[in-house]
Amino acid sequence: MRFHLIGGFLGSGKTTAIIGAARHLMSQGRRVGVVTNDQGKFLVDTAFFQAARLPTVEVTGGCFCCNYDDLGARLSQLKDSAQPDVIFAESVGSCADVVATVVKPFLELGTANLSLDTYTVFTDIRLLRRRLLDQPMPFSDDVVYIFDKQIEEANLLILNKADLLSPQQAESTISLAQARFPGKHVRLQDSRRPEQIAEWIALLESGAIAPPRTSVEIDYQRYGTGEAHLAWLDEAVHFDVPDGTARQVVLMFIETITQRVAGQATPIGHVKFLIRSGRQGEEIKISLPTLTEPDWQAHVPDIPGNQITLMVNARVETSAQNLRELIGNAVQHTAAQTGAVARESNLSAFHPAFPTPTHRIT
């Protein structure tokens, strides 16, 4: 059984890569299981993996490092129930110091009778390019500190979403990264392309890149402050809509959120939606990362029926109260403009607790 840990900042494309890897491995007849992780407890990613028929367990209410024992228990549960050949565990995007608090404990404590094979860190190549060129970042310095520490402790670094830069920019960015981070294995990737996912999986399974063993020096006060700058909101929004307007309602709701966030100059970490229709079995995931990705509207198909539910996971650098008001106002505005009837459920808005790892092996 192979076990791969996946890390990286909010919106870096971790889930897309894992879905692609699972499809690749299942096409070879191999069984795949997934562990999701988040500060919240109502997760779009879990529902998305389950919709893809992947056995999935959750570690919620905090990062892997602060819920290490729960991670071990969920891995044992997944092994017993699904008997996967490969497990991917996706760390929450605000987590840093993963080598000291997760990788080394797995290597030294033998948790869940599993050996950790690899640790991959994903980054949105556009954000990394800004950082390497010393250009302004969208976030406050303490949030950027988390981003920097994630990059620092990686030994396998994926410059993801490479298709969103020109080929010349992508190549210059990997050159900059290789010069800045000697000793790391750095690769360009577009995780929506099956052949590039296959290359990544081949690299993981080659045994050429063992998990890193060098812990970073980290200021936990600054790390905790960075996490506290980020607000988390999870909820379900239910719309009863007039005939033929379901897609319009979804587009207006998401666009209203993006416009109001932009109007406040409030940096997005990641805002995710899982769209469900009462008459349609397919579930559609829409992601809004820090930097705009083109044509997200094209991924929203015509939606039949008069009932829609959107699971919402929003991670934004603002206050929890402001994020709650922003999303709530978007719900009300959408209903008023489209004639829909809206209600909200499973609502939770908060800031992450201070990181207190179960183990820290330096």
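Observations
- Within segment 225-263, if we keep just the residues that are crowded, with 17+ Cβ neighbours inside 10 Å, of a type outside the set (A, V, I, L, M, F, W, C) and part of a helix (DSSP H, G or I), the residue that is farthest from the chain's Cα centre (by Cα) turns out to be GLN248.
- Counted residues, segment 99-109 - those being buried (at least 24 other Cβ atoms within 10 Å of the Cβ) and either closer than 18 Å to THR15 by Cα or of a type in the set (Asp, Glu) (or both): 0
- Verdict on GLN83 being at positive phi and either surrounded by fewer than 24 Cβ atoms within 10 Å (Cβ to Cβ) or modelled with pLDDT under 95 (or both): yes
- If you go through segment 264-285 and keep only what is crowded, with 18+ Cβ neighbours inside 10 Å, free of Cβ contacts under 8 Å to residues at least 40 places away in the same chain and closer than 16 Å to GLN50 by Cα, you end up with ILE275, ARG276, ILE284.
- Subset tally (residues that are outside any loop (DSSP other than H, G, I, E, B) and under 24 Å from PRO352 (Cα atoms)) for segment 63-85: 11
- GLN135 farther than 30 Å from SER81 by Cβ, modelled with pLDDT of 95 or more and part of a loop (DSSP other than H, G, I, E, B): yes
- Residue match in segment 110-119 (condition: modelled with pLDDT under 95, surrounded by 17 or more Cβ atoms within 10 Å (Cβ to Cβ) and part of a loop (DSSP other than H, G, I, E, B)): yes
A quick yes/no check of all residues on (1) among the acidic types (Asp, Glu); (2) farther than 22 Å from ALA231 by Cβ; (3) outside any loop (DSSP other than H, G, I, E, B):
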{"site": "LYS285", "(1), (2), (3)": "no, no, yes"}
{"site": "GLN297", "(1), (2), (3)": "no, yes, yes"}
{"site": "PRO304", "(1), (2), (3)": "no, yes, no"}
{"site": "GLN332", "(1), (2), (3)": "no, no, yes"}
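- Scanning segment 147-161 for residues that are part of a helix (DSSP H, G or I), closer than 16 Å to THR290 by Cβ and touching a strand residue (DSSP E or B) at 6+ places or on another chain (Cβ under 9 Å) yields PHE147, GLN150, ILE151.
- Residue match in segment 144-154 (condition: touching a residue at least 24 places away in the same chain (Cβ under 8 Å), touching a His at 6+ places or on another chain (Cβ under 8 Å) and either under 26 Å from GLU317 (Cα atoms) or among the hydrophobic types (A, V, I, L, M, F, W, C) (or both)): no
- Among the conditions (1) touching a Ser or Thr at 6+ places or on another chain (Cβ under 8 Å); (2) assigned to a strand (DSSP E or B), VAL186 misses just one, which is (1).
The values are calculated or read from the model by the stated rules, or taken from the named source; none is laboratory data. Note that the structure is a prediction, hence the values are computed from the model and not measured. For neighbour counting, all protein chains shown are included, and Cβ atoms are generated from backbone atoms with ideal geometry for every residue, glycine included.
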